Amino acid sequence: MSRILFALTPVTGHVRPALPLARALVDEGHDVVVYTGRKFASAVTATGAKHAPIVQGRDLDDAEFDAWSSEHDAPAPGIKRVQWDVLHHFVATVPGFLADIDTVVAAERPDVIVMDNAFMAGAIAARRHDLPSVLFSVSPLAISSKDTAPFGMGLQPPRTGFDGLRYALLDWFTRKVVFRDVQRAAEQIVADAGQPVPDGFFLDWVQTEVTRVLHPSIPSFEYPRSDLPEHVELVGPYLPAGIDGFDPPAWWDDVLEARATGRPVVLVTQGTVATDPERLLWPAIDGLADEDVLVVATTEPLDAYPANVRATPFVPFDRLLPLVDVLVTNGGFGGVQQALAAGVPVIVAGRTEDKAEVGARVVWSGVGLALPTDKVTDGTTSQAVRDGVNRVLDNPSFARRAAELAQEYAEYDGIARTVSVITEVAGAGRRGRGRCHSLPAWERRSPWRKVEGRQRAVVAPFSGRHDGVRP
């Protein structure tokens, strides 16, 4: 059996996908330690894993991001705010996290380090301690490619030579102008850690400097890339079925009745970081108040909601989504994947963090819409939500396409495949077989490949099969 260390960004959307992985590894008899924020201690120990708390690193609650940023003089939304956020939340946190991981590695002596794709300290620590490493994504695939626009802009793959040229210029501008100073800061942090500075763009390092990258998605929801590195594999989503206890709310029968009678059920959710209800929740509730739909909103129950709204702070999506006709969301990657795995079309209203990329893929794959949002507040309007929901409900192509993707999702067992890769890499580490780019030739596989008898998609340049035009 192996000793496995998870190093996770202390954010709900980064920790929750790892919990079923930790539980599956514990069930197989492995010793699992999870280094992450203190608020997740009980959730971690519930899997049977050991929790290692953040001590020297920044343990910042998801809901406190905006307040913390304001207290530390973050600029107004715009390019300067993007630069500030990446520097302060992605790069500047590395030294504290790295110091903690050094202590955990000395105490636990892991065979492998597993991390999410925002945790650059994990990749540096693996190099520093000569340990193999596995990364799993909690966002659309973010590694740079000649076949895509720079990550974060929400642009679909190029369809013309002019698009390709424009994207190349945007890539140069992003690296050499927008993030020039952040690149230098990242290089200094790596040098201060006593490690060689990797080649390329700093936002790619966490993915290029690990043994394996496992992307929990499917080919029909991810842009094709002719230059995808060999160590990257699409494994299917991490569906958190059974993680949460379920005590049906008092209004649960209303959902069942709506489903039975054909009344559409619309789920509205706003995630865990961009939590201002003025951005999406209130506009959605107002916009759908007079529509013949049942709205389930993940927010605190109040007495003043319209008659067609049922509110709750939390409900397990694995129980609710099979009863839902449309998901309205600000674009969290995990929630969108869950919806599509259940065959539910999606409306995305959000562009912060990775949400523009999620929305772009929703449109590209034909499973829903991306609504416009305010450039400053990232909020949408009641009219936009109402029109979007009616369009999706009135046009069966969205539900049909979502059902097609659900069939493809069902071919994958992302958790089982990820557990298999983690144990494989950990075993290689125990046997001293080497580091991240020294796997023997017979173990080098195509990133999207035949697994367990089912043929996976072959990496190819963008073919135009999904032209990005909304049905």
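Annotation: I4 carries an accessible surface of approximately 0 Å², with a 1.4 Å probe and no ligand, DNA or RNA atoms counted. Restricting the trypsin sites (Lys or Arg not before Pro) of the stretch 85-175 to loop positions (DSSP other than H, G, I, E, B) with no more than 16 neighbouring Cβ atoms within 10 Å leaves K146, R159. By definition, a body whose alpha carbon gyration tensor gives a ≥ b ≥ c is rounded when a/c is under 1.5, and the stretch 251-407 falls into this rounded group. Based on C-alpha pairs under 8 angstrom that are at least 6 apart in sequence, the chain has a relative contact order of 17 percent. Given the choices [x] 36, 28, 20; [y] 42, 26, 23; [z] 34, 25, 24, semi-axes √(5λ) of the Cα gyration tensor in Å derived from the coordinates of this structure is entry [z]. For the stretch 75-169, the list of chymotrypsin sites (Phe, Trp or Tyr not before Pro) that fall in a loop by DSSP and count at most 16 other C-beta atoms within 10 angstrom is empty. Relative contact order of the stretch 287-436: 18 percent, from C-alpha pairs under 8 Å at least 6 residues apart in sequence. Length available on full extension from T312 to S42: 0.36 nm per residue minus the Cα-Cα distance, which gives 95.0 nm.
Scalar couplings 3J(HN,Hα) for the stretch 204-218, obtained by applying the Karplus form with A = 6.51, B = -1.76, C = 1.60 to θ = phi - 60°, are 8, 4, 4, 9, 8, 9, 10, 5, 9, 10, 10, 9, x, 8, 10 Hz; x denotes Gly and Pro.
In the stretch 251-407, taking the dipole from charged Cβ atoms about the Cα centre, the farthest positive-side position among V348, T261, G287 is held by V348. Which GluC sites (Glu not before Pro) in the stretch 354-432 sit in a loop by DSSP (not H, G, I, E or B) and have at most 13 other Cβ atoms within 10 Å of their own Cβ? Of the GluC sites (Glu not before Pro), the ones in loops of the stretch 354-432 whose Cβ has at most 13 other Cβ atoms within 10 Å are E411. With the convex hull drawn around the C-alpha atoms of the stretch 8-136, the volume per residue stands at 104 Å³. Take the stretch 57-201 with all the other protein chains still there, run a 1.4 Å probe, and you get 46 Å² of accessible area per residue.
The values are calculated or read from the model by the stated rules, or taken from the named source; none is laboratory data. Keep in mind it's a predicted model, so treat the numbers as computed, not measured. We place every Cβ from the backbone using ideal geometry, glycine too, and count neighbours over all the protein chains shown. We work out accessible area using only protein heavy atoms, side chains counted, and drop any ligands, DNA or RNA first. Shrake-Rupley method; radii C 1.70, N 1.55, O 1.52, S 1.80 Å.
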